[in-house]
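Step one of this worksheet: look at the structure below.
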Amino acid sequence: MAIFIFSRAVRSGKTTELWNWCAPRRDVAGILMPDVHDCRLMYDIAAKIYFQAQCLQPDTADLVKVGKFSFYQKAFERANRILENAALHLSYRYIIIDELGKLELRREGFYAAAQPLLHQFQHPPPLLYERHIIVVVREDILPLFIQHFDLHTFYLIHHLNDLEAITNS
């Protein structure tokens with residue numbers, strides 16, 4: 001079991017690279033958060049289903065706000081359930097969370113699922129299978145993220161080729 005932190009600058013193509021890497025695979029679950037027509041959606045990787053994340057008319061109740069974005073709280077609740085369920089299914093070799101950032105540092109967003117998953121992958125029980133978690137973290141908050149989640153053992157990658165090189169060695 002390993003934690004992979006996939007980190008690059010904002011808007012450098014991290015989600016697109018993950019999308020292309022996940023598309024042909026059946027051993028991946030988790031959440032991608034692509035920008036589709038200037039609107040943030042969430043994508044359940046295993047089910048191959050999109051659902052609305054960003055609220056474009058922010059007077060709606062139950063919103064989570066970060067920077068210029070307003071997101072539906074219900075979208076994060078659904079995404080956290082998807083991540084928790086992915087952790088229970090041993091057929092998934094990779095669990096992806098795109099992305100962990102300022103919301104999770106405030107214990108919002110994907111925090112409810114990410115915190116226990118990162119703890120589990122940081123202190124894995126003796127298992128006979130190999131599973132990994134890939135978390136996307138923007139470069140500018142990487143040190144805060146590592147400190148906040150008290151991570152000591154992880155691989156920092158900047159391209160998914162790095163992941164393949166490590167997991168296939």
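Structure above, values below:
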item: Cleavage-rule hits (trypsin sites (Lys or Arg not before Pro)) in the stretch 78-169: DSSP loop, at most 11 neighbouring Cβ within 10 angstrom; result: Arg107
item: FRET efficiency, 1/(1 + (r/R0)^6) with R0 22 Å, evaluated for Asp38 and Ala9 via beta carbons; result: 0.65
item: Helix-derived mean residue ellipticity, 222 nm - over the chain, DSSP H n ≥ 4, -39500 (n - 2.57), to 500; result: -9500 deg cm²/dmol
item: Percent of Cα-Cα distances greater than 26 Å, calculated over the chain; result: 22
item: Segment Thr16-Asp150, length gained on full extension (0.36 nm per residue, minus Cα span); result: 45.4 nm
item: Cα gyration tensor shape for the stretch 76-169, rounded if a/c is under 1.5, else prolate or oblate; result: oblate
item: Antiparallel bridge percentage (DSSP; both residues within the stretch 8-132; nearest 5); result: 70
item: Amide H partners (placed H, <5 Å) of Leu156, local residues excluded; result: Ile5
item: Length-normalised contact order for the chain - Cα pairs under 8 Å, 6+ apart - percent; result: 33
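The numbers here are math on the coordinates, done by the rules we state, and not lab data. Because the structure is a prediction, the values reported are computed rather than measured. Virtual Cβ from ideal backbone geometry, glycine too; neighbours counted across all protein chains shown.
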